[in-house]
Amino acid sequence: MLDRINGQLNCHITFTTDKTRELILKNLHKSPMYSGVIEGVGPRYCPSIEDKFVKFAEKDRHQIFLEPEGIETDEYYVNGFSTSLPFEVQIEMVRSIIGCENAEIMRPAYAVEYDFAFPTQLHLSLETKSCRNLFLAGQINGTSGYEEAGAQGLMAGINAARRVQGREPIVLRRDQAYIGVLIDDLVTKGTSEPYRMFTSRAEYRLLLRQDNADLRLSQIGHEIGLLSDRCYKQFSAKETAINNEINRLHSTHSKTDSLAKILSRPETLYKDLPNRNDQLTPEVIQQVEIAVKYAGYIDRQELEVGKFKNLESKEIPAAFDFSTVPSLRIEARQKLAKIRPATIGQAARISGVSPADISIILVSLKRWGANAGLESSDSNSGGSCEVDLEN
Ligand SMILES: Cc1cc2nc3c(=O)[nH]c(=O)nc-3n(C[C@H](O)[C@H](O)[C@H](O)COP(=O)(O)OP(=O)(O)OC[C@H]3O[C@@H](n4cnc5c(N)ncnc54)[C@H](O)[C@@H]3O)c2cc1C
């Protein structure tokens with residue numbers, strides 16, 4: 001089993017058997033997840049082996065990875081076999097896996113039940129609504145995952161630091177970053193099971209690309225002091241080169257067609273263009289090709305973003321009282337009062353708030369603004385406690 005390739009140990013693939021399935025189904029009542037001892041909803045994307053046999057009952061067997069725990073040990077991690085069944089069942093289960101007939105268990109598997117704070121109790125800055133200066137990030141907000149935790153930790157850290165500096169929070173929009181989608185989903189919709197970030201949760205996927213992360217976020221990074229002047233200068237030079245080249249391709253013609261039109265043909269690459277600029281870096285060429293080839297789709301998505309930004313820019317003052325809005329449906333009234341959206345855009349994304357409710361709120365906001373004079377929308381007013389961030 002211990003063949004070394006480049007100094008590494010092999011992982012192995014094996015499978016459960018009919019006996020594994022039989023053992024699990026026979027002992028299901030002993031699993032705290034199934035007997036009701038644990039009431040929480042498990043992580044959908046890392047199901048236990050008993051979950052897999054119940055939820056995917058049509059599958060006869062499940063794949064298991066055997067991963068060496070280290071070079072100096074003959075222990076293996078049985079990946080894909082997490083379980084909360086009792087030890088005496090686990091040992092039989094492990095020995096029912098092909099190749100593990102003589103295995104010993106060094107440490108039994110167990111289930112963990114987490115508690116979490118409802119993320120709808122947070123502002124988009126990740127500060128708690130009820131306790132000023134307290135910011136929450138990570139699994140405590142109902143997420144699961146390394147990146148999910150890291151992304152929130154970054155934003156909560158930035159915003160806690162900015163609070164100490166007396167600056168406005170940084171909130172990334174849904175069209176700017178997956179971090180924006182993640183935090184907006186959590187704060188606006190809450191979650192009833194461990195939340196994982198998927199690209200499919202973003203409506204502006206065409207704009208949120210890995211290749212353009214610097215174009216989307218460098219300016220913000222530089223403004224808040226996270227991106228050095230040197231890096232920002234490099235980025236700016238790249239951005240200018242991209243824009244200049246796109247403009248040049250539109251204004252330069254070969255016979256009757258512009259170079260941009262020629263490049264937009266699926267079979268044409270930048271390197272095939274007549275009159276191309278050989279000084280450009282591969283990164284600049286990549287962005288130019290994407291921008292020109294997908295212009296139609298990108299423009300359409302940017303139009304949608306324009307509408308979205310319009311709604312996002314309509315702030316709902318913290319003092320605005322939803323209970324005074326006439327003819328708002330009860331469900332909408334309750335959810336709006338609970339989540340207290342900061343903008344009309346955020347209000348529109350709350351499940352149970354309809355477009356008709358939004359129209360009513362818009363009218364009421366106008367009247368409220370005229371009567372009360374538009375008060376500061378400081379989203380932090382009304383806190384019932386305060387954490388001292390400076391000490
Ligand atoms: C077995 C397992 C496998 C996983 N596999 C993956 C995976 O493959 N990919 C993936 O993306 N995610 C995976 N996850 C999920 C991921 O590990 C977590 O969602 C993520 O690490 C949570 O990060 P966090 O910073 O929010 O919380 P944690 O990493 O739990 O950090 C919280 C910290 O707070 C400390 N703490 C708690 N109470 C106090 C206190 N009172 N005072 C001081 N400190 C305190 C804890 O000791 C801990 O260090 C896995 C989780 C488990 C359990």
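The values are calculated or read from the model by the stated rules, or taken from the named source; none is laboratory data. Given the structure is predicted, the values throughout are model-derived calculations rather than measurements. As a convention, Cβ positions derive from the backbone with ideal geometry for all residues, glycine included, and neighbour counts pool all protein chains shown.
Some observations on this one:
- Selection status of G36, modelled with pLDDT of 95 or more and on the phi > 0 side of the Ramachandran plot: no
- From the list R174, R167, the one residue that fits, being basic (K, R), in contact with a helix residue (DSSP H, G or I) (Cβ under 6 Å, 6 or more places away or on another chain) and part of a loop (DSSP other than H, G, I, E, B), is R174.
- In region 125-151, the residues that are part of a loop (DSSP other than H, G, I, E, B) form Cβ pairs under 6 Å with partners that are more than 6 Å from the ligand (Cβ to nearest atom) and among the acidic types (D, E), at six or more places apart or across chains, as follows: N133/E386.
Residue by residue, here is whether (1) without any contact (Cβ under 8 Å) to a residue 60 or more places away in the chain; (2) outside any strand (DSSP E or B) holds:
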{"residue": "I13", "(1), (2)": "yes, no"}
{"residue": "R21", "(1), (2)": "yes, yes"}
{"residue": "H29", "(1), (2)": "yes, yes"}
{"residue": "Y34", "(1), (2)": "yes, yes"}
{"residue": "V37", "(1), (2)": "yes, yes"}
{"residue": "Y45", "(1), (2)": "no, yes"}
{"residue": "D51", "(1), (2)": "yes, yes"}
{"residue": "A57", "(1), (2)": "yes, yes"}
{"residue": "I64", "(1), (2)": "yes, no"}
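- Filter result for L206 (within 19 Å of the chain's Cα centre (by Cα), part of a loop (DSSP other than H, G, I, E, B), under 21 Å from V288 (Cα atoms) and touching a residue at least 12 places away in the same chain (Cβ under 8 Å)): yes
- Every test in (1) out of contact with any Phe, Trp or Tyr (no Cβ under 9 Å at 6 or more places or on another chain); (2) β-branched (V, I, T); (3) modelled with pLDDT under 90 is passed by T240 save one, and that test is (3).
- Filtering region 194-203 to residues that are in a loop (DSSP other than H, G, I, E, B) and surrounded by 13 or more Cβ atoms within 10 Å (Cβ to Cβ) leaves P194, R196, M197, A202, E203.
- Test: residue in region 178-189 that is surrounded by 16 or more Cβ atoms within 10 Å (Cβ to Cβ), of a type in the set (F, W, Y) and not in a helix (DSSP H, G or I): no
- The residues in region 73-123 that are touching a residue at least 60 places away in the same chain (Cβ under 8 Å), part of a helix (DSSP H, G or I), under 24 Å from L25 (Cβ atoms) and among the polar types (S, T, N, Q) can be counted, and the count is 0.
- Qualifying residue in region 271-281 (condition: in the same structural domain as A260 (by TED's automatic domain parsing), without any contact (Cβ under 8 Å) to a residue 40 or more places away in the chain and part of a helix (DSSP H, G or I)): yes
- Summed over region 159-186, residues that are within 16 Å of the ligand (Cβ to nearest atom) and β-branched (V, I, T) total 2.
Residues are listed down the side, and each one gets a yes or a no for (1) closer than 18 Å to Y110 by Cα; (2) away from the ligand (no atom under 14 Å from the Cβ); (3) assigned by TED's automatic domain parsing to the domain that holds G142:
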site: E39; (1), (2), (3): yes, yes, no
site: P43; (1), (2), (3): yes, no, no
site: K52; (1), (2), (3): yes, yes, no
site: A57; (1), (2), (3): no, yes, no
site: H62; (1), (2), (3): no, yes, no
site: S82; (1), (2), (3): yes, no, no
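- Considering (1) touching a residue at least 12 places away in the same chain (Cβ under 8 Å); (2) within 16 Å of L206 (Cα to Cα), the lone condition that D299 does not fulfil carries the number (1).
- Test: residue in region 214-223 that is free of Cβ contacts under 8 Å to residues at least 24 places away in the same chain and more than 22 Å from the chain's Cα centre (by Cα): yes
- Filter result for the condition that a residue is over 19 Å from L206 (Cβ atoms), over 28 Å from the mean Cα position of the chain (by Cα) and surrounded by 11 or more Cβ atoms within 10 Å (Cβ to Cβ), over T256, T268: T268
- Residue in region 99-112 that is over 25 Å from the mean Cα position of the chain (by Cα) and among the aromatic types (F, W, Y) present: yes
- Any hit, region 125-146, residues being assigned by TED's automatic domain parsing to the domain that holds D214, under 16 Å from the mean Cα position of the chain (by Cα), more than 16 Å from the ligand (Cβ to nearest atom) and crowded, with 18+ Cβ neighbours inside 10 Å: yes
- Among the residues of region 320-335, not a single one is under 21 Å from R174 (Cα atoms), in contact (Cβ under 8 Å) with a residue 40 or more places away in the chain and not assigned by TED's automatic domain parsing to the domain that holds K129.
- Failed item in (1) over 25 Å from I38 (Cα atoms); (2) within 9 Å of the ligand (Cβ to nearest atom); (3) surrounded by fewer than 22 Cβ atoms within 10 Å (Cβ to Cβ), with Y114 passing the rest: (1)
- Residue in region 35-48 that is under 28 Å from T143 (Cβ atoms) and charged (D, E, K, R) present: yes
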